[in-house]
Amino acid sequence: MDLTDEQWEVVKPFIPVIPKRADGKGRPRADDRAVLNGILWIMRTGAAWQDLPDRYPSPATCHRRFQAWCRTGLFEQILEALAKDLEERGRLDLSECFIDGTFVPAKKGAPGWGQPSGAKARKSWLLQTALAFLSPFTYRVLRRMKSPLLSGRLKAVSQRMNPNG
């Protein structure tokens, strides 16, 4: 599920407007909303960048923009804004979460990972957004929000993943 129009309106003010070149040269910039939807798809599914579906901009574009947004702190602001919006709507309660330790062992000689099917994913935007908050990239955001998710053992995992933060 991609961002709804309401969610895009929450996020849009954080994304800087990049003007077109005066000389009209260069490749047109990929749409920020489509790029953000591609990044969130990767975070929700855990798939590799090269497995990004064709409905999003190229994996290289999404990855490059993701790295730039992370470097500048923009991605953290976007996640905080989405979390705050969901919390205000009463759709996200950070006081409770579940960690799934399920894994599937690979069979010897099995083919490589196939492209994840969007049809197999749950359709709830709320669930998909909540899954993004369980991504390793969001531990800093949760720490800044003083989320109860980071108490006890999860806090230790977070510190191991980001010892400088």
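The values are calculated or read from the model by the stated rules, or taken from the named source; none is laboratory data. Note that the structure is predicted; figures quoted are calculated from it, not measured. Reconstructed Cβ throughout: ideal geometry from the backbone, glycine too, with neighbour counts over all protein chains shown.
Against the criterion of being assigned to a helix (DSSP H, G or I) and in contact with a Phe, Trp or Tyr (Cβ under 9 Å, 6 or more places away or on another chain), Glu87 does not qualify.
Screening Gln77 against (1) at pLDDT 90 or above; (2) crowded, with 17+ Cβ neighbours inside 10 Å leaves a single unmet condition, (2). Cβ separations smaller than 7 Å between residues 6+ apart or across chains give the following pairs from the range 25-41 residues that are within 19 Å of Gln7 (Cα to Cα) to residues that are of a type in the set (A, V, I, L, M, F, W, C) and surrounded by fewer than 18 Cβ atoms within 10 Å (Cβ to Cβ): Asp32/Ile15; Arg33/Trp8.
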